[in-house]
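Taking it in order: structure first as structure tokens, then the write-up.
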Amino acid sequence: MHDDEKSVKDSKELTEDRSGVSRRDFLKISTIAAAVPVVAGPKMVMAAGEQVPVHGPGKVPMTFNVNGKSYKATLEPRVTLLDALRDSLDITGAKRVCDKAECGACTVLLDDKAVYACSVLAIEAQGKKITTVEALMEGGKLHPIQQAFVDNDASQCGFCTPGFVVACKAMLDKHPDPTADDLLRELSGNLCRCGTYAGIRGAVAQAARKGA
Amino acid sequence: MPDYQWPDAEHRTLIGKRVARVDSPDKVSGQARYTYDIKRPGMLFGKMLRSPYAHCKVTSVDTSAAEKIPGVKAIEVVQKPGSTIHWAGDEVVAVAAVDEATAEDAIRAIVVKYQKLPHLVSDAEPPEGAGESQGPISMDDLGDMLDNQVPENQIISLIKQYGLSFKPTENDLKEAKEEGVPDAILDAARSAEVHPEAAGKQKSNYQKAASQSQGDVDKAFSEAAAVSEGIYGAPVITHCCMESHGSTSEWIDPDHLFVHMSTQGVSGIAGQMAEPLKIPAANIRVHQDHVGGGFGSKFGPDRWGIATAKLSQKAGGKPVRMMLERDVELQVAGARPSAYAKVKVAAKKDGTLVAWQSRSWGTGGPGGGGMPPIPYCFAAPTQRKEHTAIRNNIGPARAWRAPNHPQAAVLTMSALDDLAAKLNMDPYDFFLKNIELTRLPNVYKEEFPIAAELIGWKEQWHPRGQNISGNIARGVGLSLHTWGGRGHSSDCDLSIHPDGSVDIKMGTQDIGTGTRTCIAVVAADALGLQVKDIKLYIGDTQYPPSGGSGGSTTPGGVSSSTRRAVVDARDALFAKVAPALNAQPDDLEARDGSIRVKNDPSHSISWKEACSKIGATPITTHGHNDQVAAKNKPDLTNSGVGGVQMAAVAVDTETGIVKVTKMVAVQDCGLIIDLRMAESSVMGALIMGISYSLFEEKIMDPTTGRMLNADMEFYRLAGLNDIPELKVHMMTGKGYDERGVIGLGEPPAVSPGAAISNAVANALGVRVGILPLTPDKVLAALNQGSSQKAGA
Ligand code: FES
Ligand code: FES
């Protein structure tokens, strides 16, 4: 809560139009400003000296580009990308574990960058390319990273696995030949309870060798 | 008589090899469906209002405002006014609504009033003289003991010794039996002395167990060459399954319930839901494809599981899903009991252990809990033991990988390691010197040198505190452990179809341990096929029942039932095929995708062709394994394994940070079905072990009685960065294989705490007695160590 207060105090511009805008709404405004394509009937308010659209609190129509396909859903602006994928689009590869950016089980790619889907609002993900673990297979064939996970027995219960696979994909796209340091840095945001780290290390090494 | 015996090494095509996990492709591609992923048409979302207080009485519940919120479809009061709550986060009111947000709004609109009661969340050493001796056992005590899986014979002896504070009616006993309470306990309750005057008496939080002694301990201590004393312990930790507990329930019709549940015991869930829902177990179908971890915490439907069924009933049968939020998962859905002890041990000059004395305590939450099995593995010739269970308000304990053993290992192996240091002995020599006091001396004697070789013990070990360069202190430590692991009861149906396909139906579950792979390997091995040729149907109460996956009982159970079914089916197929090969059925073998005459591989037909001779109906056989060894002829599973682990650490004496730099495990588990799954299981246990040794602790706030670190930032799990090189060696071959199949989930999770603690003591020259080995504790121990030296 501390941060909310600070941001409200700092934003002197937010004056006249404050009527009807709660602190919570303000936070939403500050994060969604300008990034959102205009959809049906947003309310316009003055924020930071600019007119910005405010969506919600009711449901609003949204469009997503997931794994190359276009999806429509009507959701409250407070819905996270993770919940939108899982509960509205029934794309359940990304898992909900901590729901607050601590474990990496929900990792997806947003414009090819790894993000925690539990910590991105669905409304912000519009207009971006969303890639989940489901998209990595091609023509029924496992992606070399996925094959490397299989070959190195890098999953036990498997609940953390989709997050790790996607994080590995993002890492290898960035560092095709990762050093041990790259590996530790880029995968340090993912946790596994069953203890598959040894297999994951082997999988990354194999995938890097094969130029995945 | 069909030859069910496991084939010998020459005749195994897949058993004992490294076979890839059959469900890995589903898991790596996001196709594997977990309970959390289940979405049913018209599904509602469940949420629970939970007690903010650790100990209180519910005085009133008002749901009227919540009922009026649009989208709220059902409300169920779980604990009615008058109920006593024993931990923060306990369930009070359940709600189902069209989406999660609406359900949360409804929770906020419910008004519950509580009368606060004094709570205790500490498990610190009981004050001197605190606590009462065990009095007559109340109905609650008994329930707590059963919930906390106190061993059957311990419960019976307590009942016999202290009697009951209530007279159980035949109806109570019948209900208890239906809930699965063993007959022996019911008999003890039936014939127990009854002391009704003890009922309702406010109990102390501290409950002393009768002290136990053996031999002349005082004499042994007074004559010993070396005596060592210390305080050791392991705190309460949580299971923190990545998939939280939860379920989706729906009424197919007014009498039939369909449940998806995240569980370790599919076949056992219906029976546990039947009673509270007042329908026959046969009317409940339970299904689960995959489960995101359990580690001992997912055997029951839990109150929230029952709540989904009741909410669904109130909502006209609509599916209701309730998965625990992460903070709740950590607060209420699983805790490993703590154990601490003041230990005094003594040995002769040559290292022979002569005496053990311990005053131990710990908590398993409201149930208190029992004494861990100390001294662990080493039966000291003279012993004196006292234990005080602390009944407090931290939430209920659940079985955690090898219940009570990791704690017992920390208490015992740390004390013995300190004793070795007192004697200026290398612990490697000290432990081996006393190995005849264990039950598996020959196994350990073979394992010790292998582990030492893998970690480089000879080169790495120095007397305590003598391998320091700059501010980095290095050390090595070891521990050993044991476990049972006999197979549970398991049933399956196996069919060989005329088109050559093979399927197996079994109501078991794969909790990430490779159960699917294990079944497929056993079947394919006997039929001369590949694992991909075996179609598996598991995780449903529509299939023959198979035991819960706990206590390392699954591999022995499922492999034995599968083996019996597949041998019968194969023999039936041989009988159909023999005429075509001009041979007797006994002369045939199934190998490399064909059926052929033994010693004459040119006389052979392909698997497909052989199956075409089956006729119109498939060959279907039933396989059964009984958990009672004597009922299996022959018995294909066994019990009692040993393992040794060694750890190397580097400790930064300025920051107090401990890094495990290498860890090795040598483990026996009888006949190994899939070497790869076995190695992965052990690796996983080492990693989990490093995690609980260095980071994990359920931290309670004494003022509010709530858990302070109920998230994954402050309840820290080991990450990739914390895991060093790991080496696993499985004992196989003669002396091991012929024992039959034994489970492996628990044993390797036992030793890490003790081995790492011993390595840290070796590095620093002082003991950090209580896990986790966090920087603050390391620095405190170093300070104390240097002030002791300064004072000496
Ligand atoms: S669920 Fe998103 S980081 Fe844990
Ligand atoms: S495989 Fe189970 S949490 Fe990683």
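Some points to look at:
- The residues in the stretch B:727-773 that are of a type outside the set (D, E, K, R), assigned to a loop (DSSP other than H, G, I, E, B), modelled with pLDDT of 95 or more and open to solvent by 30 Å² or more (accessible area, probe 1.4 Å) can be counted, and the count is 2.
- Options A:Gln156, A:Gln147, A:Gln126; residue that is more than 9 Å from chain B (Cβ to nearest Cβ) and of a type in the set (S, T, N, Q): A:Gln126
- Number of positions in the stretch B:535-583 that are open to solvent by 40 Å² or more (accessible area, probe 1.4 Å) and more than 18 Å from B:Ile496 (Cβ to Cβ): 5
- Of all residues in the stretch A:141-181, those being open to solvent by 20 Å² or more (accessible area, probe 1.4 Å) and not polar (S, T, N, Q) number 14.
- Of B:Lys219, B:Lys201, all but one fail to be open to solvent by 80 Å² or more (accessible area, probe 1.4 Å) and modelled with pLDDT under 90; the exception is B:Lys201.
- Selection within the stretch B:240-256 - surrounded by fewer than 24 Cβ atoms within 10 Å (Cβ to Cβ) and aliphatic (A, V, I, L, M): B:Ile252
- Listed by first and then second residue, the pairs with beta-carbon distance under 9 Å, at least 6 apart or on different chains, first residue in the stretch A:32-53 and farther than 15 Å from A:Ile123 by Cα and among the acidic types (Asp, Glu), second at pLDDT below 85 and open to solvent by 70 Å² or more (accessible area, probe 1.4 Å), are A:Glu50/A:Glu13; A:Glu50/A:Ala34.
- When the criteria are applied in full, A:Arg209 fails the requirement of being within 13 Å of another protein chain (Cβ to nearest Cβ), surrounded by fewer than 21 Cβ atoms within 10 Å (Cβ to Cβ), at pLDDT below 95 and on the phi < 0 side of the Ramachandran plot.
- Count of residues meeting criterion [in a loop (DSSP other than H, G, I, E, B), open to solvent by less than 60 Å² (accessible area, probe 1.4 Å) and at pLDDT below 85] in the stretch A:46-64: 1
- Among all positions in the stretch B:296-314, there is no residue which is within 14 Å of chain A (Cβ to nearest Cβ) and within 16 Å of ligand 1 (Cβ to nearest atom).
- Considering (1) outside the structural domain of B:Lys727 (by TED's automatic domain parsing); (2) open to solvent by less than 20 Å² (accessible area, probe 1.4 Å), the lone condition that B:Val664 does not fulfil carries the number (1).
- Test result for A:Cys192, open to solvent by less than 40 Å² (accessible area, probe 1.4 Å), modelled with pLDDT of 95 or more, away from ligand 1 (no atom under 13 Å from the Cβ) and closer than 26 Å to B:Cys241 by Cβ: no
- In the stretch A:116-137, the residues that are more than 16 Å from ligand 1 (Cβ to nearest atom) and either touching a Ser or Thr at 6+ places or on another chain (Cβ under 8 Å) or open to solvent by 50 Å² or more (accessible area, probe 1.4 Å) (or both): A:Gln126, A:Gly127, A:Lys128, A:Lys129, A:Glu134, A:Leu136, A:Met137
- B:Cys669 of a type outside the set (Lys, Arg), over 25 Å from B:Met730 (Cα atoms) and crowded, with 22+ Cβ neighbours inside 10 Å: no
- Options B:Gly305, B:Gly268, B:Gly300: the member that is open to solvent by less than 10 Å² (accessible area, probe 1.4 Å) and either without any contact (Cβ under 8 Å) to a residue 12 or more places away in the chain or small (Gly, Ala, Ser) (or both): B:Gly305
- Test: residue in the stretch B:106-115 that is of a type in the set (Gly, Ala, Ser) and without any contact (Cβ under 8 Å) to a residue 60 or more places away in the chain: yes
- Pairs, first farther than 23 Å from B:Ser501 by Cα in the stretch B:581-596, second open to solvent by 50 Å² or more (accessible area, probe 1.4 Å) and among the polar types (S, T, N, Q), C-beta under 9 Å, six or more apart: B:Asp587/B:Asn599
- Any hit, the stretch B:696-707, residues being in contact (Cβ under 8 Å) with a residue 24 or more places away in the chain and within 16 Å of ligand 2 (Cβ to nearest atom): yes
- The set of residues from the stretch B:62-76 being open to solvent by less than 40 Å² (accessible area, probe 1.4 Å) and closer than 20 Å to B:Ile306 by Cα comprises B:Thr63, B:Val72, B:Ala74, B:Ile75, B:Glu76.
- A count restricted to the stretch B:103-122 and to residues that are under 26 Å from B:Ser312 (Cβ atoms) and open to solvent by 20 Å² or more (accessible area, probe 1.4 Å) stands at 7.
- Filtering the stretch B:691-726 to residues that are among the aliphatic types (A, V, I, L, M) and either outside any loop (DSSP other than H, G, I, E, B) or within 14 Å of chain A (Cβ to nearest Cβ) (or both) leaves B:Leu694, B:Met700, B:Met707, B:Ala710, B:Met712, B:Leu717, B:Ala718, B:Leu720, B:Ile723, B:Leu726.
The values are calculated or read from the model by the stated rules, or taken from the named source; none is laboratory data. Here the structure is a predicted model, which means the values were calculated and not measured. Cβ: placed from backbone, ideal geometry, glycine included. Neighbour counts: every protein chain shown. Areas reflect the complete protein model, heavy atoms only, side chains present, ligands, DNA and RNA absent. Shrake-Rupley method; radii C 1.70, N 1.55, O 1.52, S 1.80 Å.
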